[in-house]
Amino acid sequence: MQDKSLIKQNIFQVIENESITKAIFYKKTGITRGILDQNNGISEENIAKFLASYPNVNPSWLLTGKGNMFLDDNNVESLIKPINTTVNVITYNHSAAASNVNDVFDITYATGSINIDKSMGVREGDIGIYALGNSMEPRIYSGDLLICRKTDDSIDNLNPNEVYVIGTKNQLVVKILKKSKENPKTHVSLHSYNTAQHEPFDMDKKRVLYTLKVIKIFADA
């Protein structure tokens, strides 16, 4: 069996040093849940996410295991990002958003907020919705925070095969968007990752009040 990479072993040392759980680590960094438990390497994107969340970790040590785990104060100061590099994202739980679909961007119905670094691709105006149910497992689990961005395009011009939050008058669904095979002009086909328990279905385009593209997924702690 292939051993875990040196970088993953070093990341585990940082987690142990902080005395936090892996779930908290995944939520803090935005790294996809389960990556550290896989017996293989780690992508450059995930390394960048880790270093953005832990600017005091010595990159040379992370990659080679040589030197000190942490940078000294002078080096950390040059790497720490100023506060204005974060975006405050207003969050909603799925139930609240579904019952107030027309007002999903009204802060009155917000359940909280979270500061997220702009390096993760988040913009001002993005919102967070907590997922509910198991239809999108294993990519999205109930309780995961979905960072979403409102789309200005009509539903006909959205990118197929990507994940969207679809809002209707009395329903909010998180699905993979595809073209309807039977009624492509009037309907859109919505698909789940959990195909064993959730079959795809068509939805009349007239029912769609808005669409939100899922930009980022933060695993539930």
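No value in this document is a laboratory result; all are computed from the given coordinates. The model shown is predicted, which means the values in this text are computed figures rather than measured ones. Cβ: placed from backbone, ideal geometry, glycine included. Neighbour counts: every protein chain shown.
Given 22/181; 49/175; 150/181; 8/179; 28/150; 27/66, which pairs have Cα atoms separated by over 32 Å? Intermediate results must be reported in sequence, preceding the final value.
Numbers: 22/181 42 Å; 49/175 26 Å; 150/181 26 Å; 8/179 40 Å; 28/150 24 Å; 27/66 28 Å.
In this structure, 22/181; 8/179 exceed 32 Å between Cα atoms.
Between residue 154 and residue 5, what FRET efficiency follows from the Cβ-Cβ distance if R0 is 41 Å, with the result rounded to 0.05?
0.35
Measure out, as a whole number of angstrom, how far apart the alpha-carbon centroids of the stretch 108-138 and the stretch 160-189 sit.
The distance from the Cα centre of the stretch 108-138 to that of the stretch 160-189 comes to 20 Å.
Can you give the FRET efficiency to the nearest 0.05 for residue 204 and residue 123, using r as the Cβ-Cβ distance and R₀ = 35 Å?
E(calc), rounded to 0.05, equals 0.70.
Take the alpha-carbon positions of the stretch 168-221, form their convex hull, and give its projected area averaged over all directions (one quarter of the hull surface) in nm². If you can, show how the numbers build up before the last one.
On the way: hull surface 20.0 nm².
Hull-based average projected area comes out at 5.0 nm².
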